[in-house]
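In what follows, a structure is listed as structure tokens, so that the remarks can point back to it.
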Amino acid sequence: MRRKMAGPRAIQSDPTGRVSPDHEASLSELAGRARNAEAALSSRLAPSPLIESPALSRELDCTVLLKCDFLLPTGSFKYRGAFEKLRHLQGSEAPVVTASTGNHGLAVATVGREMGIDVEVHAPATASSAKLEAIAALGADISLHETDQLSVELAARAKAERSGAVYVSPYNDIEVAAGQGGCAVEILEQADVDAIAVSVGGGGLLAGVGSVLRTSTPEAQILAAWPSNAPNLLHAMRTGCAVDVDESPTLSDATAGAVEDGSVTIALARAIDPVAVLCSEEEIGRTLVRLASMERLIVEGAAALALAAVFQQRDRLAGKTVAVVLCGRNIAFDRFRATIAEYGEQPNKAEGSR
């Protein structure tokens, strides 16, 4: 049974998760927070590169700009949200509890170590052992659960409430979403764009980026990409509340999992109203191969997902300038190699016999 969660602060949904009447004010507030978050992070890090891909641009008949958030510390955009959340906690001496399958936990553990904040990460037992080892190496405590990701999140939140720690949700937190929105602030400072494509899990990146784009460049398009095997927030966005959706394993594992009831990202996603794109495993896999072969980039499935959405919507985007957020690179090498083998082009038999 799901537990009802209240939306944080002024940006919130009603008890059913539907958009409140002041959703435009909510987007404006979040966008303002995102700009402040980017300003704070810029004192710590240079903006992640935004590079044009001539090869992809020719193939897609549009200007493709790759936003390289996989080059941020910990190899993921998640560093943005973790930094924004924890910078407000610095000096409070309160420990932090979070839930994550990998990238968010790694980011929170990294920032926690930088700021002297104790971190406890709850994760499903099926989480990547490599990511868990990296989290442990940063000094964070790890608690594993033999259950699904949403149940892990609820258990972590309950632990924080019992112990007096601060719970840091991977997505259901305004400061986390504001941190992720700093990505869009950087993009708009780096180039004039007609669209931004993002992959979607719990919706923190969509909420942050979407709020900045809707309030700064409302005519620009927002492409929100889900794997067909794991479209949980898409169903929540369309119905106005969290729903149970059967999911299958996906190469974009960083975007898989259900969302909390009342998650602030549900109302924000509905207010942003992006172009929703569902991508098959083959589309994600072949796009991952394209990035490796055409740009020599090793990224995880969630990063390839955003570009796969652009391929699927190429007619809509013809002649436009599109920024694609490559959100992470934390893919196990064995899985990357297997994906290349499965979805890469096979050599011609005649050529192979030469």
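Remarks
- Residues within region 227-270 that are closer than 27 Å to Leu288 by Cα and either in a strand (DSSP E or B) or basic (Lys, Arg) (or both), tallied: 1
- Residues that are of a type outside the set (Val, Ile, Thr) and surrounded by 15 or more Cβ atoms within 10 Å (Cβ to Cβ), drawn from region 51-66: Ser53, Leu56, Ser57, Leu60, Cys62, Leu65, Leu66
- The residue list Val324, Val289 contains one member that is touching a Phe, Trp or Tyr at 6+ places or on another chain (Cβ under 8 Å) and among the aliphatic types (A, V, I, L, M), which is Val289.
- Which numbered condition Glu153 misses (of (1) buried (at least 21 other Cβ atoms within 10 Å of the Cβ); (2) in the same structural domain as Ala308 (by TED's automatic domain parsing); (3) in a helix (DSSP H, G or I); (4) not β-branched (Val, Ile, Thr)): (2)
- Residue match in region 121-128 (condition: surrounded by fewer than 24 Cβ atoms within 10 Å (Cβ to Cβ) and hydroxyl-bearing (Ser, Thr, Tyr)): yes
- Region 43-89, residues that are part of a helix (DSSP H, G or I) and in contact with a Gly (Cβ under 8 Å, 6 or more places away or on another chain): Asp69, Phe70, Gly75, Lys78, Arg80, Gly81, Ala82, Phe83, Glu84, Lys85, Leu86
- Residue list for region 1-27, restricted to those being modelled with pLDDT of 50 or more, touching a helix residue (DSSP H, G or I) at 6+ places or on another chain (Cβ under 9 Å) and exposed (fewer than 14 other Cβ atoms within 10 Å of the Cβ): Glu24
- Output for region 131-141, where each listed residue is surrounded by 14 or more Cβ atoms within 10 Å (Cβ to Cβ) and in contact (Cβ under 8 Å) with a residue 24 or more places away in the chain: Lys131, Leu132, Ala134, Ile135, Leu138, Ala140
- Some residue of region 119-140 being under 20 Å from the mean Cα position of the chain (by Cα) and closer than 25 Å to Val275 by Cα: no
- Among the candidates Ala224, Ala306, residue that is in contact with a strand residue (DSSP E or B) (Cβ under 8 Å, 6 or more places away or on another chain), assigned to a helix (DSSP H, G or I) and either touching a residue at least 60 places away in the same chain (Cβ under 8 Å) or buried (at least 24 other Cβ atoms within 10 Å of the Cβ) (or both): Ala306
- The listed residues are Ser48, Ser163, and the only one of them that is surrounded by fewer than 24 Cβ atoms within 10 Å (Cβ to Cβ), in contact (Cβ under 8 Å) with a residue 40 or more places away in the chain and either under 17 Å from Gln180 (Cβ atoms) or among the charged types (D, E, K, R) (or both) turns out to be Ser48.
- Options Arg296, Arg286, Arg290; residue that is within 27 Å of Thr63 (Cβ to Cβ) and without any contact (Cβ under 8 Å) to a residue 12 or more places away in the chain: Arg296
Conditions (1) without any contact (Cβ under 8 Å) to a residue 60 or more places away in the chain; (2) surrounded by fewer than 21 Cβ atoms within 10 Å (Cβ to Cβ); (3) more than 19 Å from Ala178 (Cβ to Cβ), marked per residue:
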| residue | (1), (2), (3) |
| --- | --- |
| Ala207 | no, no, no |
| Gly240 | no, yes, yes |
| Val245 | yes, yes, yes |
| Leu251 | no, no, yes |
| Ala256 | no, no, yes |
| Arg270 | no, yes, no |
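- Exclusive hit being in the same structural domain as Val64 (by TED's automatic domain parsing) and buried (at least 20 other Cβ atoms within 10 Å of the Cβ), set Ala323, Ala332, Ala292: Ala323
- Residues of region 166-199 classified as out of contact with any strand residue (DSSP E or B) (no Cβ under 7 Å at 6 or more places or on another chain), β-branched (Val, Ile, Thr) and surrounded by fewer than 23 Cβ atoms within 10 Å (Cβ to Cβ), total: 0
- Residue within region 279-286 that is over 18 Å from the mean Cα position of the chain (by Cα), assigned to a helix (DSSP H, G or I), in the same structural domain as Asp194 (by TED's automatic domain parsing) and among the hydrophobic types (A, V, I, L, M, F, W, C) present: no
- All positions within region 188-213 that are under 17 Å from Glu84 (Cβ atoms) and part of a helix (DSSP H, G or I): Gly204, Leu205, Leu206, Ala207, Gly208, Val209, Gly210, Ser211, Val212
The values are calculated or read from the model by the stated rules, or taken from the named source; none is laboratory data. Note that the coordinates shown come from a computational prediction; the quantities given were computed from them, not determined experimentally. No Cβ is skipped: glycine too gets one built from the backbone with ideal geometry, and neighbour counts run over all protein chains shown.
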